[in-house]
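The values are calculated or read from the model by the stated rules, or taken from the named source; none is laboratory data. Keep in mind that this is a model prediction, so the values were computed, not measured. Cβ sites come from the backbone with ideal geometry, for glycine too, and all protein chains shown count toward neighbours. All accessible areas refer to the heavy atoms of the entire protein, side chains included, with ligands and DNA or RNA removed. Shrake-Rupley method; radii C 1.70, N 1.55, O 1.52, S 1.80 Å.
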Amino acid sequence: MSEYSVEFKNVSKKFGESTILHDLNFGIHEGKITTILGFSGAGKTTLMKHILGLVKPTTGEVIVKGTTINELGELPLREFRRNFGMVFQYAALFDFLTSFENVAFPLREFTKLSEKEIQDKVLGLLESVGINREAAYKLPSELSGGMRKRVGLARGLALDPHIMLYDEPTSGLDPITTHMVYDLMKETHLRNISRGFSSIIISHDIHATIKYSDYIVFMEKGRVVEHLDTESFKRSENPVIRRFLEL
Amino acid sequence: MVQLVLKQINSIGESLISLVNGLGDFTLFVSRTIFWTFKPPYRVKLLFDQIYFMGNKSIFIIFLTSVFTGAVFAMQIYLGIKAINPDSFIGPIVTIALAKELAPVLSGLVVAGRCGAAMAAQIGSMKVTEQIDALEVMGINGYQYLAVPRILGAMISMPLLSAIFLLVGYTGAWLIATKVLMIDPTLYTQKISDFMNLGMVVEGLIKAAVFGYLIGVIGTYQGFNVTGGAEGVGKGTNMAVVWGMITVLVIDYFLTTFLAQIL
Ligand SMILES: Nc1ncnc2c1ncn2[C@@H]1O[C@H](COP(=O)(O)OP(=O)(O)OP(=O)(O)O)[C@@H](O)[C@H]1O
Ligand SMILES: [Mg+2]
């Protein structure tokens, strides 16, 4: 078994004429919290979609837990995706379902839990992210942006994934909620670490990143500029990173 | 001059390429939806939800359209052939026209406008807000979960709605014929059964099912192809309606020719 849960080998991605990812070569350590840091448009979301097999690289391979994911066929890929939990940038809650039903959705699809067990698990998950009973039965359109994020987090955790991906989980949240969400991600990580759980967070919040991450991948214009453990990152001499750090 | 001609040829070439690309995309979409229709799990509840939704969305307009179509049509035929003692003809002419053409085509136009648009809007907004990605991440196929129930739903709802159209339109015509034009009700129904057969009703229902399928495929295809925010959703919705309606009208011609040969 490799020390990496995810590996990029010579990965490039073009959309039409424009190259969004340039020849990426790096690994994401298993059992760690890794943050992918970078400015808007750097290609962070696109990178994450490669990990999930939602987007295929133009060249190169993406290896997740020893499986070359871009070579998997449609059905094995679907099966494989159960390894992942994902929290989307704008939560991506199903707008036709209540918070409760959103979190229950993966449980209803993929487990044989009874209605009572689902009820308990969902309410437990919602409570752990700070969503009360009243909000649980509201539609996403009736919730604030922060509450939607938290429901999205609960939904991502429902199936006990091995790799948890967060696309800017705290953008648009107030500082207190931001810390709560980070604490929650950390807690989730530590709770699951014994089964080789990896957390991958996309962010442009430098301070929270330094506080909570084990490794930092810094991206700029589709390239990985630095990939370091947090301590070394803080001492990086790279001018762009220095600028980012001094914000 | 040569430059200009070359430019023309170039632009024709480009439109051709994009048309072929579009058709290729569409064909791919159609084959994927067919593949996922036969792949378990079969999402029966979603299918019934869609049938209910589509019925709910169009039934009122279908009622309104059909009762007036029947009534106006009866009146027009009466006025048009007044000279040759129309009493025996109005019933069969109106009913045959309703059964074979008016019910499926007008229901199709209503459903394309109401449901085709709704399909593109719902799926399109799910696309731009990453909800379809969220489904995919959970290992659920978007075509299976979103497109298949809508396509099958439209295929089932359309004959039902078309049958309602026929029934209500028939009633509208009957009311005008017997209560306003004072045609003898016994003669009216007698003549209908002289000239009509069940095959004509079946023909209309087959048409309706085909239209339903096409409206469903076009509406969901437009939804899945939405790009770029709310504006894109509006554009996709619009395309779904326009292409849905055009397709119903054009395919009706070919279907009529085809069904005339086999029925
Ligand atoms: N499907 C696509 N087709 C064409 N271009 C795309 C597509 N997806 C992303 N891009 C382009 O790729 C670039 C990187 O996008 P991406 O969403 O990965 O950036 P990001 O780092 O996540 O930015 P942000 O912080 O704003 O979310 C952008 O210029 C975007 O326009
Ligand atoms: Mg992004």
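Figures for the structure shown
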read-out	value
Estimated FRET transfer efficiency (residue A:58, residue B:171; beta-carbon r; R0 45 Å; 0.05)	0.15
Inter-probe distance in nm under a simple model that places probes 7 Å from Cα toward Cβ, at residue B:72 and residue A:195	6.4
Spin-label model distance (nm) - residue B:250 vs residue B:19, 7 Å beyond Cα toward Cβ	0.9
Cα-centre dipole for segment B:45-262 with unit charges at Cβ (Lys and Arg positive, Asp and Glu negative), debye to 20	220
Rounded, prolate or oblate (a/c below 1.5 giving rounded, otherwise prolate when a/b exceeds b/c) for segment B:12-150 by Cα gyration tensor	prolate
Highest-fluctuation residue, B:128, B:20, B:94 considered, GNM on chain B with Cα pairs under 10 Å	B:20
Mean residue ellipticity (222 nm) of chain A, computed from DSSP H runs ≥ 4 via -39,500 (n - 2.57), nearest 500	-11000 deg cm²/dmol
Positions from segment A:92-107 whose accessible area shrinks by 40 Å² or more when the full protein complex is built, not the chain alone, probe 1.4 Å	A:92, A:94, A:95, A:96, A:105
Accessible area of the protein assembly as shown belonging to carbon and sulfur atoms, whole % at 1.4 Å probe	63
Lysines whose Cα lies under 17 Å from that of residue A:112, excluding same-chain neighbours fewer than 8 positions away	A:121
Estimated vicinal HN-Hα couplings, Hz - segment B:173-181 in sequence order (Karplus 6.51, -1.76, 1.60; Gly, Pro = x)	5, 4, 4, 5, 5, 8, 9, 9, 8
Chain-alone versus full-assembly comparison, segment A:35-68, residues with accessible loss of at least 20 Å² (1.4 Å probe)	A:49, A:54
Area buried, chain B against chain A - accessible surface, total, 1.4 angstrom probe, square angstrom	1800
Helix B:2-37 vs. chain B, principal-axis angle (Cα, 0 to 90°, nearest 10)	80
Accessible area in square angstrom per residue, segment B:46-114, 1.4 angstrom probe	47
Rg/Rh (Cα only; Kirkwood hydrodynamic radius) as it applies to chain A	0.96
Cα centroid of segment B:75-123 to Cα centroid of segment B:197-222, whole Å	15
Mean ellipticity per residue at 222 nm, deg cm²/dmol - from DSSP H runs of n ≥ 4 across chain B, formula -39500 (n - 2.57)	-28000 deg cm²/dmol
Cα shape, segment A:146-222, gyration tensor, a/c 1.5 rule	oblate
Nearest 10 degrees, 0 to 90: helix B:117-128 Cα axis against chain B principal axis	10
Whether segment A:1-99 is rounded, prolate or oblate, judged on the alpha carbon gyration tensor where a/c under 1.5 counts as rounded	rounded
Sum of side-chain charges, residue B:54 neighbourhood, beta-carbon under 11 Å (Lys, Arg +1; Asp, Glu -1)	+2
Set of lysines near residue B:127 by C-alpha distance (under 17 Å), chain-local residues within fewer than 8 positions excluded	A:49, B:235
At 1.002 mPa s and 20 °C, Stokes D of chain B from Kirkwood alpha-carbon radius, µm² per second	106
Cα centroid separation - segment A:148-217 against segment A:58-107, whole Å	16
Where the Cα pairs of the protein assembly as shown fall when distances are cut into 10 Å bins, in %	4, 16, 22, 20, 15, 11, 7, 4, 2, 0, 0
